[in-house]
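Have a look at the structure below, then the notes.
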Amino acid sequence: MNRLAAAIVLVVALLSGCAGVPNSSAPQAIGTVERSAPPSLPKPTPGMEPDLLLREFLKATADPANRHLAARQFLTESASNSWDDAGSALLIDRVVFVETRSAERVSVSMRADILGSLSDIGVFETAEGALPDPGPIELVKTEDGWRIDRLPNGVFLDWQQFQATYKRHTLYFIDPTGATMTPDPRYVAVSDPDQLATELVTKMISGPRSEMANTVRNMLAEPLRLRGPVTRADGGKTGIGRGYGGARVELENLSTTDPHSRQLLAAQIIWTLARADIKGPYVIDVDGAPLDERFADGWNTSDVAATDPGATDGAAAGLHALLGGVLHFLDGERATRVPGGFGQMPDQRAASLSRDGQQVASVTMVRAGAPDQESALWIGALGRDGERSTVARSLSRPTWALDQAVWIVVDGNIVLRVIREAASGEPAQIPVDSTAVSTRFPGPSRNCSSPGTEPGRPW
């Protein structure tokens, strides 16, 4: 079985969202921050044959630091100067190289399956199908061994190395009501735990993914910026957020003096770091002074409890995917059907798991093709049979809210909130007034996001 070529990945430690693919945006610089390369990344050696060198090059592209410096070690100087590594990376698997060689030069064509893409802000999205021919790759023999002398622009990232190198973390932004946090999951390649806090705060300053930009508030938006790397609460550079060391975040250019806005800014930082297992106390200074004098010695999660984004993500549920229209659990190289109905029901087109990883919402194609196309929404416990909730010509990918309700768009223009009735236990459909959205953004809607969900999740 082409294990992942048709995968629709479900990382159940998160809420599922259903917004479209964001446009990429350039990372924001905060100054020079040294980043160590992941220790598992390969390096070229003199005895490497062209095939092996190319495979190791694809693994090395997992480290984006310094314009993919680790990968550039496999290139000649001229190839490194001309290679454009900007934009999203394509995640590929089952790579086959076809060589044409002479004594001093090798020309290679590459075939592979596309499994997804990773934007330059860390947003992962699944994809499927064969990799279009990217053009020839040429290697030459140098005094240091074979090196890549010509390659197509863009980044091709080995799928297994992506899994080994990148970790999923969640940024938090303020929901429109100011009452809670809206999660924005990102994939981050940081091998040194003392650099993770700086990376996460930097990404918050850069802002949410594009499709969330008009639906959340970012209290860390520019011109606010980091004065320097995040340190221990006492200013130390090691042990950040571990033990009782805490974390110190020094910002500058904060324009607001409103106490509530400052409280929300603290909440964004605290919940983002806390959910990444970077422990407090969190000392937050702005322009050389405490953000709030009451917490000059540090904030704790209890100080921003009113904005708690919900229970800790159910990471133990692991990684799931739709393979061949059926829900599977992924464990490294193995893909196993989940027990119960969602592991048997055919032609599932989109699925999401609840925040705790215990419930599934899945859209199946009952009948394909116009004019009689029909889709159905099924909801139920993972490992058990689901119940059919909604039938329509078209259904968007489902989204779980923090209150365990499922949101979905029916036939492109009707938004439903599906809950389980307390008395009967049956799914109940509650229409949602989406007039404000449809007026501002006319036309059919393919995706939806409820307050407190994670837009942009790949399914």
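The values are calculated or read from the model by the stated rules, or taken from the named source; none is laboratory data. It should be emphasised that the depicted structure is a prediction, and the values quoted were computed from it without experimental measurement. No Cβ is skipped: glycine too gets one built from the backbone with ideal geometry, and neighbour counts run over all protein chains shown.
Suppose we keep only residues that are over 15 Å from residue 154 (Cβ atoms) and surrounded by fewer than 18 Cβ atoms within 10 Å (Cβ to Cβ) within segment 55-72. Which one would you say is modelled with the lowest pLDDT?
The extreme case among them is 65.
Looking only at residues that are more than 18 Å from the chain's Cα centre (by Cα) and among the charged types (D, E, K, R) in segment 259-292, which one is surrounded by the fewest Cβ atoms within 10 Å (Cβ to Cβ)?
Among those residues, the one meeting the criterion is 287.
If residue 390 satisfies all but one of (1) in a strand (DSSP E or B); (2) closer than 17 Å to residue 320 by Cα, what's the number of the condition it fails?
Failing condition for residue 390: (2).
Hey, residue 265 hits all of (1) assigned to a loop (DSSP other than H, G, I, E, B); (2) closer than 19 Å to residue 296 by Cβ but one; which does it fall short on?
(1)
Take residues that are among the hydroxyl-bearing types (Ser, Thr, Tyr) and at pLDDT below 95 and tell me which of the strands (runs of 3 or more DSSP E) falling wholly in segment 131-196 contain 2 or more.
Numbers: elements: 137-142, 145-150, 155-158, 167-174, 181-188.
Because the criterion is at least 2 residues that are among the hydroxyl-bearing types (Ser, Thr, Tyr) and at pLDDT below 95, the strands (runs of 3 or more DSSP E) in segment 131-196 that meet it are 181-188.
In the same structural domain as residue 343 (by the TED database) and within 26 Å of the chain's Cα centre (by Cα): does that describe residue 389? Reasoning before the result, please.
Values: in the same structural domain as residue 343 (by the TED database): yes; within 26 Å of the chain's Cα centre (by Cα): no.
Taking the combined requirement at face value, the residue does not satisfy it.
On the given criteria, is residue 122 of a type in the set (Gly, Ala, Ser), in contact with a Phe, Trp or Tyr (Cβ under 6 Å, 6 or more places away or on another chain) and outside the structural domain of residue 208 (by the TED database)?
Numbers: of a type in the set (Gly, Ala, Ser): yes; in contact with a Phe, Trp or Tyr (Cβ under 6 Å, 6 or more places away or on another chain): yes; outside the structural domain of residue 208 (by the TED database): yes.
It is true that residue 122 is of a type in the set (Gly, Ala, Ser), in contact with a Phe, Trp or Tyr (Cβ under 6 Å, 6 or more places away or on another chain) and outside the structural domain of residue 208 (by the TED database).
Taking the criterion of being on the phi > 0 side of the Ramachandran plot, assigned by the TED database to the domain that holds residue 242, buried (at least 16 other Cβ atoms within 10 Å of the Cβ) and not charged (D, E, K, R), would at least one residue in segment 296-307 satisfy it?
Keep residues of segment 296-307 that are on the phi > 0 side of the Ramachandran plot, which gives 298.
So of that shortlist, the ones also assigned by the TED database to the domain that holds residue 242 come out as 298.
Checking which are buried (at least 16 other Cβ atoms within 10 Å of the Cβ) leaves us with 298.
Filter again for not charged (D, E, K, R), leaving 298.
Looking through segment 296-307, at least one residue is on the phi > 0 side of the Ramachandran plot, assigned by the TED database to the domain that holds residue 242, buried (at least 16 other Cβ atoms within 10 Å of the Cβ) and not charged (D, E, K, R).
Just to check your reading of the model, which residue among 256, 238 is surrounded by fewer than 20 Cβ atoms within 10 Å (Cβ to Cβ), of a type in the set (Val, Ile, Thr), free of Cβ contacts under 8 Å to residues at least 60 places away in the same chain and farther than 20 Å from residue 304 by Cβ? Can you show your working first?
Details: 256 fails: farther than 20 Å from residue 304 by Cβ.
Just a single option satisfies the conditions, and that option is 238.
Provide a single number: the residues in segment 139-159 that are farther than 17 Å from residue 186 by Cα and either buried (at least 18 other Cβ atoms within 10 Å of the Cβ) or assigned by the TED database to the domain that holds residue 205 (or both).
So the first thing to find is which residues in segment 139-159 are farther than 17 Å from residue 186 by Cα, and the list is 139-156, 158.
With either buried (at least 18 other Cβ atoms within 10 Å of the Cβ) or assigned by the TED database to the domain that holds residue 205 (or both) added as a condition, the list becomes 139, 146-151, 155-156, 158.
Number satisfying all stated conditions: 10.
What are the residues in segment 207-253 that are of a type in the set (A, V, I, L, M), assigned to a loop (DSSP other than H, G, I, E, B) and either over 22 Å from the mean Cα position of the chain (by Cα) or within 16 Å of residue 291 (Cβ to Cβ) (or both), if any? Quick ask: steps written out before the conclusion?
Filtering segment 207-253 for residues of a type in the set (A, V, I, L, M) gives 212-213, 216, 219-221, 224, 226, 230, 233, 240, 247, 249, 251.
Filter again for assigned to a loop (DSSP other than H, G, I, E, B), leaving 213, 216, 219-221, 224, 230, 233, 240.
Hits for segment 207-253 are 219, 220, 221, 224, 230, 233, 240.
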